[in-house]
Each structure stands twice: as C-alpha cells, then as structure tokens.
1. I'm trying to understand the selection: among the residues of the stretch 12-29, which are in contact with a Ser or Thr (Cβ under 9 Å, 6 or more places away or on another chain) and either surrounded by fewer than 19 Cβ atoms within 10 Å (Cβ to Cβ) or in a loop (DSSP other than H, G, I, E, B) (or both)?
2. On the given criteria, is T47 modelled with pLDDT of 90 or more and assigned by TED's automatic domain parsing to the domain that holds A114?
3. Restricting attention to the stretch 326-334, does a residue exist that is within 23 Å of the chain's Cα centre (by Cα), surrounded by 13 or more Cβ atoms within 10 Å (Cβ to Cβ) and at pLDDT 85 or above?
4. Looking only at residues that are in contact (Cβ under 8 Å) with a residue 12 or more places away in the chain and basic (K, R) in the stretch 132-151, which one is nearest to I165 (Cα to Cα)?
5. Restricting the search to the stretch 115-147, which residues are in contact with a Leu (Cβ under 9 Å, 6 or more places away or on another chain) and either of a type in the set (K, R) or more than 17 Å from L158 (Cα to Cα) (or both)?
6. Filter the stretch 87-101 down to the residues that are in contact with a Leu (Cβ under 8 Å, 6 or more places away or on another chain) and either assigned to a strand (DSSP E or B) or over 18 Å from C345 (Cα atoms) (or both) and list them by number.
7. Condition first: surrounded by fewer than 13 Cβ atoms within 10 Å (Cβ to Cβ) and among the polar types (S, T, N, Q). Now tell me which residues in the stretch 174-216 satisfy that.
8. When you look at A129, is it assigned by TED's automatic domain parsing to the domain that holds I46, surrounded by 17 or more Cβ atoms within 10 Å (Cβ to Cβ) and either free of Cβ contacts under 8 Å to residues at least 12 places away in the same chain or aliphatic (A, V, I, L, M) (or both), yes or no?
Amino acid sequence: MRSDALADEQAWPLPTPRMLALAQRGLRLAATSACPADPGGRVSLITGLHARQHGLLYDRSATQLARPRPGQTPLTRPLADSLPSRLRAGGFHVVGVGQIDLFRGALHKAVAVADLDQLNPPHCEYFKAMLDAGIGPAIVEQRKSRLRTGPFEPTRLLLDIEQDIDGYIGDAALKAIDSLPTDKPWALIVVFSGPGNDLPPPATFENAVDIKQLGGKFAPASLATLDALAEPAYPRVMLQRLEPYFVQRIRADYLGRVALLDQIVGKLNAAIDNRPDRSRTWTVLGSDHGYLLGEHGLIGRRSFLSGATTTPLIIAAPTFPQEQQLVPQEVESGLYSTVDFAPTCASLTGCDLSTETAGRSLLPLLHGQKVLPEHPGDSALSEFNDRLMLETERYKIIFERHHRQCIGLYDLLNDPQERRNIKMNEQGQNVLDQLRWRVADALLPLRAWAA
C-alpha cells in the first residue's frame, strides 16, 4: 500500500476512517520501502534487513536470484532471524494468516493463502474454500487474465467480500482472534494480498470512489527514460496504449481495495477490543512497498518513484481506559524505512532481533523523542535488481550498481513530483559527489554482513 492511500494525506478522494482511527492511538509515519520488489520487500519487512543483506534483490519473476553465499539458499539466514521466529523463541503463541509462506515454519498455527501467480495452488486455504463454494474455476480464469494483462483488462467477478482473497484473509483473521490464548502472550500476523494485487475489488467496493475524480497526475510514459525510472512489469505496448480512462479505472480498482482493507482493519480492531487482554495488545500496520497509479505513465511497483517506495507505518497503542490513553506525539519529519518495522515490533514484545538488523525501533518517538540517536532519519536506502536509491532530506539519487553510474537525481524540494532528472545539469553535478559519499556511508554498516 502506498502511504498517500490513507486519507490524511488528501491525495485521493477516499476516506479511510478505520486506519486513521488506529493512527490516532499512537504514531503515523511514512516509510521508504527497503526493496520495492517481491519477495525482497516482504523479507525486509519481517527481518529488518536490507535487500543487500538478505540477498533477495530480484523479483520472483526474474530469471535468477542474487547469488547466495556458499552452502546457503538466499532465504536461509534472514528467515532464521525473522520477527515471527524470534517471537516464538520468546514464548509467544504465533499465528499467521494470509500470504505467510516465507515464515510459515515459525508459526504455531497458519491459515496459508498462496500468491496469485499460482493458478491451482495445492496448499492454499482460500482456493480450497472457493472450490467448495463452486467458484474455483472462475477464480482460475481470473488469475489467467491477471497474468496476461495485469490490471489493464481485469476479469470482473461478482464476488461477495468473503469470496475475495483479502476478504477471505480478513475473515480468517477474525476467527483466529477468537481462538487466541488469554493466558500467554500471542502475536497474530496478517498478510494481505492487496491492494496492489492487480485484481478488481469485490462488487461492494467497485464504486468506493467516483471514477471522474481520478483523472489527474497522468502523463504518457517517456520510453527514453523508462528504464532509468522503473522496470516495467508489463509489455511497453500496454504502457503506450494507456489513456486517462484506463488509468481512472485502475485507480478506482486500487482505491476500492484500499477501502476493503480499511473495513477489515476496523473489524479486526473491534474484535481485539472485545478481548480481555485488549489493554496489553498493540497493533502495527505496514506495507512492503507501494504501487504506481499512472505517475510518469507507469503502473506497478518496481520503481524508486515515490508512489512505489513510500508506504504507511502505523504504531497503535492498546485501548486503555480513557484517562490512560496515550497522547499521539508530533514527530518531526524524518526518513524512516520498512526495515524499522520488525525492530519496532520486537521492542514492543521484549524480543531481540539479530545484531545485524539494519532497522531501529521507533518506539522512542511515541514518548516524545524527536530524533532517534541510532537512526538520525536523514537518509533512506532502497535497492532492487541492479539499482540502488538513496533518499535524503532534499535529494533522491539512483545508481546502476554494476557500473556505479548515476541514472537519476531529483531535487525533492523544488520538484516533489520527480519530473526533472538533474543529473547532468549544473545543480546535479554540484551535489553528485556529496551524495556519493552519503551512499557510501549508508552502505558501510551493511558491508560486513553481506560480504
């Protein structure tokens, strides 16, 4: 989910009252994705490691993964130190619902839902339920259409909320809450498929936003700079054929899924509020990466443009009696990262992650501390495939790693929409060397682990 999908940023005409109510109980930040590609982004989220450390720099659809060290598969080491495994080792009863295959072995109980790129997944509780309901063949055909055309020409099914993949995950999470123990600590990890899963929302949410209000911020893709800006997930001819109406429809589908998730978040928190341990239960909401919705003429995630890399991060305190409510803190602007998600959760639970974890706990921000001493918030690192990005308080710089060449440089103060690549003009040349040093400083702490 992209950060500006939440209504407090007022970027889209979509209310998200349940997520914002969650944020009012604690802290709401925007975090930079450590890796806007699957599955690397999700591994960073649950381990607190950068993609350079865990090695999953490449998208699942790529022809090869980053080379593991001798005797290791790319996933072996990071997931041994993941948040779920550490919680279990710390005495928590750990339950996972949704797309939890990456850490299923660390769970006491799992309701697993397979990724959408599998047409007939053998171990997917959602697909089994849809087969029992008689709509399994229709789901398969919808997934085939998704593989061919992505979000451009989706097959629309008249599904009830519980028949949608995220609706099913939400319903399973509600049932899991009812079965969680009350005599020991627990952690429930819910991993949704959307909103950027290229599927239309259930029929109830197809008109969550008036499509006529969604035509702005679109311009056809500039193919001359396309590779520098993003790695397209779809054939270029599809991007060339994009017109405002199709972009409106894609945006409406995406925001409809956000509205669905907002409703589910409300139900989950209402269920937690009915538990006897509600005064000891924290809720943390995050996302591994965002999704482009027509900015620069692009659709999808594998990009360092802000829509794809800026994600929401909410840390919500328990529901205390009114006189004990935590007062939300005003936090000075800073650059936080998705690698901060796992360390923050670990701090809440009293568990320790690996000492090699790149992220830092954000809990001191809840107690009035403006800047974390171990994590000044003055830069954020992101990486996928052969590209690396560093964002500072003013600039965003993108490198092609193999040749160490700068392929993109943006002045975020004067060009917040990232429309002018200044790498070759006088301003860009004046700051290029300084930014190279800052990239080196950001990479240095990661070097010993990844070597």
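The values are calculated or read from the model by the stated rules, or taken from the named source; none is laboratory data. In this text, all values refer to a predicted model and were calculated from it rather than measured experimentally. With ideal geometry, Cβ positions are generated from the backbone for all residues, glycine too; neighbour counts draw on all protein chains shown.
1. R25 - this is the single residue of the stretch 12-29 that is in contact with a Ser or Thr (Cβ under 9 Å, 6 or more places away or on another chain) and either surrounded by fewer than 19 Cβ atoms within 10 Å (Cβ to Cβ) or in a loop (DSSP other than H, G, I, E, B) (or both).
2. Yes.
3. So far as the stretch 326-334 goes, no, none of its residues is within 23 Å of the chain's Cα centre (by Cα), surrounded by 13 or more Cβ atoms within 10 Å (Cβ to Cβ) and at pLDDT 85 or above.
4. The qualifying residue nearest to I165 (Cα to Cα) is R143.
5. Result: L116, D117, L119, R143, K144, R146, L147.
6. Scanning the stretch 87-101 gives H93, V94, V95, G96, V97.
7. Just the residues of the stretch 174-216 that are surrounded by fewer than 13 Cβ atoms within 10 Å (Cβ to Cβ), to begin with: 175, 178-179, 181-184, 207, 210, 212, 216.
Those that are surrounded by fewer than 13 Cβ atoms within 10 Å (Cβ to Cβ) and among the polar types (S, T, N, Q): S179, T182, N207.
8. On the way: assigned by TED's automatic domain parsing to the domain that holds I46: yes; surrounded by 17 or more Cβ atoms within 10 Å (Cβ to Cβ): yes; either free of Cβ contacts under 8 Å to residues at least 12 places away in the same chain or aliphatic (A, V, I, L, M) (or both): yes.
Yes: the conditions hold for A129.
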